[in-house]
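The values are calculated or read from the model by the stated rules, or taken from the named source; none is laboratory data. Remember, predicted model here, so these are calculated numbers, not experimental data. Here the Cβ positions follow ideal geometry from the backbone for every residue, glycine too, while neighbour counts run over all protein chains shown. The accessibility values were calculated without ligands, DNA or RNA, using every heavy atom of the protein model including side chains. Shrake-Rupley method; radii C 1.70, N 1.55, O 1.52, S 1.80 Å.
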Amino acid sequence: MIQKFRFGTPFETDAVVNKQPEAAGAPKHFSVDNPEDGKTVFTMTLPSTAPVYGMGESVRGINKRGFTYVAHNDDNPHHTETTRSLYGAHNFFVTNDGTPFGVFVDFPGRVEFDLGDREPDTLQITVFTDTFGLDFYEIEGTDYKDIVTQFRAMVGQSYIPPKWAFGYQQCRWSYMSQEEVLEVAEKTREAGAPLDAIYLDIDYMDHYKDFTVNPETFADLPGLTAQLKEMGIRLVPIIDAGVKKETGYDIDDEGVEKGYYVKNAQGQAFTGAVWPGEAHFPDVLRPEVREWFGDKYKILLDQGVEGFWNDMNEPALFHGEESWKRMEQARKAYEETPDYDHLWKLRDSFGMSNQEIDYKAMYHEVDGKRIPHDKVHNLYGYNITRAAGEAFQRRYPDKRILLFSRSSYVGMHRYGGIWQGDNNSWWSHILLNMQMMPGLHMCGFLYTGADIGGFGQDTTEELLLRWMELGVFTPLMRNHSAIGSRRQEIYRQKYAPDLANIIRVRYMLLPYLYSEFVKAALNNTMMIRPLAFDFTDDPIACDVQDQLLIGDEMMIAPIYTPNARGRAVYLPEDMQLYRFRSPEDYDVESLPKGTHYVPCALNEVLLFLRSNAIVPVAQAADCVSHTDYSKLSLLANITDRGSYTLYDDDGFTRDYTNPAHYSQITVTADGAITATGEKKFTLA
Ligand code: GLC
């Protein structure tokens with residue numbers, strides 16, 4: 001049951017699609033207070049053993065209790081234990097005070113979630129309601145999964161990318177020319193690895209101008225996309241939120257002329273600096289601006305591109321108008337008193353990037369009203385991605401286009417996925433990648449993953465192997481690294497054959513992973529869950545923070561520490577352990593419920609099949625479109641009888657409910673298989 005409590009007059013965020021009536025009375029689990037003007041505070045006492053799950057893209061463990069998270073979308077590459085905000089605002093969690101319940105705070109500005117930080121038994125949510133009110137939702141249900149499903153039904157169906165987007169993808173900041181892109185394609189394949197996409201980071205553009213292509217280094221983009229497509233590889237360019245400010249650049253001229261940009265206090269287009277230098281920011285809270293900006297993607301789609309990643313859309317500002325003025329003032333002050341001490345103090349007195357003074361000096365226009373950006377800050381990345389998503393639905397209703405974003409708010413999950421931003425080549429970030437997955441799946445961001453191998457810092461071969469072994473199971477499987485860091489393409493590694501085989505294991509598992517993904521999107525469920533969500537009565541399972549359930553049939557326990565030869569794994573029921581060195585070379589072992597030390601060599605992928613589980617697998621090919629999905633093998637751990645509903649389709653169209661896309665498979669203990677539909681199944 002969902003109850004919506006309204007406080008003041010909220011700003012319409014468009015997070016919720018199934019509108020709820022306002023409930024009478026006050027929230028059941030929280031007391032509500034206005035301790036000072038401009039704040040609404042929700043407080044409750046939480047039993048000391050109660051976990052808190054959710055908060056989407058955020059640091060720390062799967063159980064979020066014991067820290068303060070702040071909803072304030074931030075271009076923050078420091079993903080450490082004390083980082084309060086990352087790129088997305090996902091204000092949803094579940095907990096249990098005797099009855100399980102969930103909370104969703106629908107508010108476009110800053111919200112602080114103290115989940116037992118200052119006082120261990122107190123949960124306190126502070127909403128900065130000086131300008132807008134909020135909608136506060138309490139959701140009760142039979143268990144966490146039921147609450148999540150009710151929440152997701154309310155906020156709408158998750159984005160489903162094309163099937164090829166479940167293949168392996170290679171990125172780098174930046175591949176500098178079309179020759180280099182082709183070299184990456186050829187060398188990856190020569191190394192024996194499947195590959196479905198190569199990314200273009202900012203340097204493909206002409207002077208970082210959105211929707212342009214450098215005429216020298218990418219002289220024939222349609223030729224490049226065609227050549228790659230013959231190899232079964234797609235090209236995915238980056239689109240940045242900031243549009244280069246330049247007279248004569250047609251898109252900027254048009255944006256200025258039509259008054260489509262976020263404005264400053266004087267009513268002119270606000271200027272902030274990003275990669276192109278000075279830039280303008282489309283006012284995507286306006287539907288006509290979304291239509292305008294979204295339609296621009298066609299320029300690249302017409303050249304054979306089939307996917308995009310939207311970046312810097314918090315929006316990130318290297319500096320804005322106000323921080324620039326402050327810097328100028330400081331410079332003048334220093335000129336007047338040019339001593340070193342003075343300069344040093346000034347250095348510490350302010351920053352330039354992503355400053356509140358700049359966000360406060362940007363204005364949106366919503367229904368003819370001027371709205372300061374800082375009050376609706378968390379909606380910007382959502383709406384710039386929505387602009388593209390809406391354009392794709394309008395122009396290509398029968399085709400899926402890959403789309404994911406860095407910044408987001410609940411609601412954006414209907415238009416695209418997200419990647420987990422600028423992580424580092426750190427062991428702790430493999431664990432963070434794993435621990436972030438369930439919270440994101442709770443909030444509807446099903447298509448997600450982290451930069452495999454780590455974005456910043458230098459990777460090592462061991463780190464890359466171990467990270468890839470987790471990446472096999474994340475819907476987005478992309479290797480990405482920053483300019484200046486050690487190269488991470490698999491063919492450059494001594495362990496290239498092992499990396500290739502790990503990626504091939506992903507392709508083998510694709511029928512299952514795709515099926516579980518699409519079913520989770522259609523049924524408003526979580527493909528990736530903590531053990532606590534399924535084994536609710538098992539206190540050990542509820543405490544496990546480094547293993548995950550992947551769909552209904554399997555569990556994973558990836559290695560995230562250096563120099564490990566294995567790890568301890570808790571099995572909440574009898575399971576079958578598969579240890580894959582490649583799709584063709586693996587061993588299987590039955591393990592009883594309990595804790596086991598499981599050896600795992602550097603080149604091995606571990607997966608655990610649940611009791612009576614069936615996992616359909618394919619023969620690994622060099623890309624998704626070359627994979628034969630008509631003849632599948634079944635990994636099956638059958639003690640008496642197992643059944644599985646397999647979803648499959650052409651990977652492009654959107655007729656998900658077509659019964660022809662579903663096969664019902666049953667396997668009994670004697671190995672007999674029955675299945676509906678056209679596909680042929682044999683036991684592996
Ligand atoms: C940002 C993105 C990163 C990208 C870089 C250059 O840091 O998060 O993925 O490579 O910008 O475009």
Once both label points are put 7 Å beyond Cα along the C-beta direction, the Ser48-Asp655 separation in nm becomes 6.0
How do 371-383, 541-553 rank on mean C-beta neighbours within 10 Å, highest first? 371-383, 541-553
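Can you work out the accessible area per residue across the chain, with the rest of the protein chains kept in place, probe 1.4 Å, in square angstrom?
Details: 24370 Å² over 684 residues.
The answer is 36 Å² per residue.
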Can you give me the C-alpha center-to-center distance between region 408-484 and region 179-213, rounded to a whole angstrom? 19
Surface share of carbon and sulfur [accessible, 1.4 angstrom probe, percent] for region 198-244: 48
Share of accessible surface on carbon and sulfur in region 398-488, whole %, 1.4 Å probe and ligands ignored, is 50
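Arranged from highest to lowest average of other beta-carbon atoms within 10 Å per residue, in what order do the peptides 310-316, 1-7 appear? The partial results should precede the final answer.
Values: 310-316: 25.9, 1-7: 16.9.
Those peptides, ordered most packed to least, come out 310-316, 1-7.
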Check: the chain dipole with +1 on Lys, Arg Cβ and -1 on Asp, Glu Cβ, in debye: 800
Rg(Cα)/(2.2 N^0.38 Å) for the chain, N = residue count: 0.95
Would you work out which of Phe404, Gly381, Ile202 lies farthest towards the positive end of the dipole of the chain, given +1 charges on the beta-carbon of Lys and Arg and -1 on that of Asp and Glu, about the Cα centre? Phe404
Subtracting the Cα-Cα distance of His78 and Trp344 from 0.36 nm times their residue separation yields 93.4 nm
Could you name the lysines whose alpha carbon sits less than 27 Å from that of Lys298, not counting residues in the same chain fewer than 8 places away? Lys163, Lys209, Lys229, Lys244, Lys245, Lys258, Lys263, Lys399
Rounded to the nearest 10 Å², what accessible area does Leu182 have for a 1.4 Å probe in the complete protein model? 30
What are the extents of the Cα atoms of region 546-684 along their three principal axes, in Å, largest first? 46, 35, 25
Rounded to the nearest Å, the spacing of the alpha-carbon centers of region 303-352 and region 532-582 is 45
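Based on the Cβ-Cβ distance of Asp146 and Asp37, what FRET efficiency does E = 1/(1 + (r/R0)^6) give at R0 = 30 Å, to the nearest 0.05? Let's see the in-between values first.
Numbers: r = 38 Å, r/R0 = 1.28.
With a Förster radius of 30 Å, E is 0.20.
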Taking the Cα centre of region 477-619 as origin, work out the dipole magnitude from +1 charges on Lys and Arg Cβ and -1 charges on Asp and Glu Cβ, in debye rounded to 20. 840
Average Cα contact separation per residue, region 368-462, under 8 Å, 6 or more apart, as relative contact order %: 26
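Please report the carbon-and-sulfur percent of the accessible area for region 58-142; probe 1.4 Å, protein heavy atoms only, DNA, RNA and ligands left out. All intermediate terms of the calculation are to be shown ahead of the outcome.
On the way: 1100 of 2550 Å².
On region 58-142, the fraction of accessible area on carbon and sulfur atoms equals 43 percent.
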For region 10-134, what D do you get in µm² per second when you plug the Kirkwood radius from alpha-carbon pairs into Stokes-Einstein at 4 °C and 1.567 mPa s? 85
Computed E for Ala333/Gln268 - FRET, C-beta separation, R0 22 angstrom, nearest 0.05: 0.25
For n ≥ 4 DSSP H runs only, could you compute -39500 (n - 2.57) per run for the chain, divide by its residues and tell me the 222 nm figure to the nearest 500? -7500 deg cm²/dmol
Would you calculate the separation in nanometres between label points at Asn18 and Gln545, each defined as 7 Å from the Cα along the Cα-to-beta-carbon direction? 3.3
Please calculate the 1.4 Å probe accessible area of Asp283, with all protein chains present, and give it to the nearest 10 Å². 0
Could you work out the mean projected area of the convex hull around the alpha carbons of region 180-265, in square nanometres to one decimal? 7.0
